[in-house]
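Below is one structure, written out as structure tokens; the observations come after it.
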Amino acid sequence: MIPLNHQRAPLFEALLTYVNNETIPFHVPGHKKGVGMDQAFREFIGTNAMAIDVTVFEQVDSLHHPSGCIAEAQKLAADAFQATHTFFCVHGTSGALHAMVLSVLREGDKIILPRNVHKSVTTGLALVGALPIYIHPEIDSLTGTALNVTPATVEKALQDHPDARGVLVINPTYFGVAADLKAIAKLVHQHNIPLMVDEAHGPHLSFHKDLPMSAMEAGADICAQSTHKIIGSLTQSSMLHVQGERVDHRKVQAALNLLHTTSPSYILLASLDVARRQMMTEGFQLLERIQFLSHQARERINAIDGFHCFGAENLGSPGFYGLDPAKLTITCRNLGISGHQLEEILSKEYHIQPELSDLYNVLCTLSIGNTQEQVDSLISALQSIRKGYGQSPILSCSETDNVILPPLPLQKLSPREAMHGDTHLLPLWESIHHISAEFLMVYPPGIPLLCPGELISEELVRYIETQREAGLWIQGTEDPRVRHIRIVQASHQ
């Protein structure tokens, strides 16, 4: 087989040819290479970007029925990411996960998945009418965050539900924690069902031997990646990878055609094409840089009294098989301020914007675009903050050493039935014995206490009130104060 030429970017090259030919646009979009665009916006964005914002025609191919430059670009991406088939997505990894669920499951099918899956997975289940079988990830006692699921937990779920039609796992988690994906794939395939992976935070894993194993390398059948999260494509652009015969790639294309816009952004598509080229030609060196910056950042953060940033010392503990160095979880629980306060201080006083925060932590994401100077600025800010705070911890370690979650609620309806049924709001204490139509989560650890279709118990409501009194962040309901919750009307239960 002739090796593919990863120096090329077929889609981007086709767009450049269109521009260099000075093609006269009698096609949409209406701004016509930026000429009709608001002047201030055009000057800020630049005319080059406007020039490649085109529509579907033969020269630039069709995302729904690729046969030219998009097909070539996707073939190169499949080779780069060790897949059999790769699909470009311009509706984010949320849309890619919807397509994954639609292409694998049918109405009434059971799927085993972690309780802390992204809500787009659950809404995907609502689209297809599938039934979730939830398993709990491990919890880190210091940070309160969800780690990953263990092979033993997956194996137990497969034994309890031999009729499951698939297993979905997250790899790595938002906080960078990887599962023993190879062992999980082996267990799942013993049941001759597909392993599906939400790899939104792992598009870079294939390009460096020292990173956790990627889903495709571990033997997963299908995975969705947010190419824009760590490597260089634009926000909202993602990829969906398939390998083997357990998932029909034709069904994946059909699901994407059902969900995708018929007017995809060629700017986003081109950014996927060149991101693949960049990683195949420069990826190893770029990821070496991330690992260098991450290693020194961890050491410097851990040298500041009151802060902690977990790392390789946790490897081998349950649910902690690997760690993506791009994620810096900065725990400030012993400093006297919450993670939310730390994020606000960093943002407003130091113009540093973290990825997210919860009660105890701030998460900072490194990527191929971060520099030494930026890491230095983060460390300097943390050192300054330490001088101004750090009077007493917000909670002693002993108070939250064991994060105890209530038992999983009873699943009375499918997510589809709950989310599509007639609903109304009730005060939280009056909702006991009713079926939830909403999600309810507490941070940390960010695991849903309640999902659509589940029965609300008195024990659960008491737990929510206890966590509220402890200062934890509760969210997910239509009511931002979580004093009311939307429930399914009795006639639809």
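The values are calculated or read from the model by the stated rules, or taken from the named source; none is laboratory data. Everything numeric here is computed off the predicted structure, so don't read it as measured data. A quick note on method: Cβ atoms are made from the backbone with ideal geometry, for glycine too, and the neighbour counts reach across all protein chains shown.
Per-structure values
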read-out	value
Count of segment 476-488 residues which are surrounded by fewer than 14 Cβ atoms within 10 Å (Cβ to Cβ) and modelled with pLDDT under 90	2
Candidate set: segment 418-440, residues that are out of contact with any strand residue (DSSP E or B) (no Cβ under 8 Å at 6 or more places or on another chain) and closer than 17 Å to residue 125 by Cα; chosen: the one surrounded by the fewest Cβ atoms within 10 Å (Cβ to Cβ)	420
Residue tally, condition surrounded by 20 or more Cβ atoms within 10 Å (Cβ to Cβ) and either free of Cβ contacts under 8 Å to residues at least 60 places away in the same chain or touching a helix residue (DSSP H, G or I) at 6+ places or on another chain (Cβ under 7 Å) (or both), over segment 101-110	4
Residues within segment 1-17 that are crowded, with 19+ Cβ neighbours inside 10 Å and either out of contact with any Phe, Trp or Tyr (no Cβ under 8 Å at 6 or more places or on another chain) or among the polar types (S, T, N, Q) (or both), tallied	4
Residue within segment 72-83 that is closer than 18 Å to residue 256 by Cβ, part of a strand (DSSP E or B) and not assigned by TED's automatic domain parsing to the domain that holds residue 438 present	no
Count - residues of segment 449-470 that are surrounded by fewer than 23 Cβ atoms within 10 Å (Cβ to Cβ) and touching a residue at least 40 places away in the same chain (Cβ under 8 Å)	6
Helices (runs of 4 or more DSSP H) lying entirely in segment 330-443 (those with 1 or more residues that are at pLDDT 95 or above and of a type in the set (Ser, Thr, Tyr))	339-350, 372-388
Test: residue in segment 266-279 that is free of Cβ contacts under 8 Å to residues at least 40 places away in the same chain, at negative phi, basic (Lys, Arg) and buried (at least 18 other Cβ atoms within 10 Å of the Cβ)	no
Residue list for segment 128-156, restricted to those being buried (at least 18 other Cβ atoms within 10 Å of the Cβ) and in a helix (DSSP H, G or I)	128, 151, 153, 154
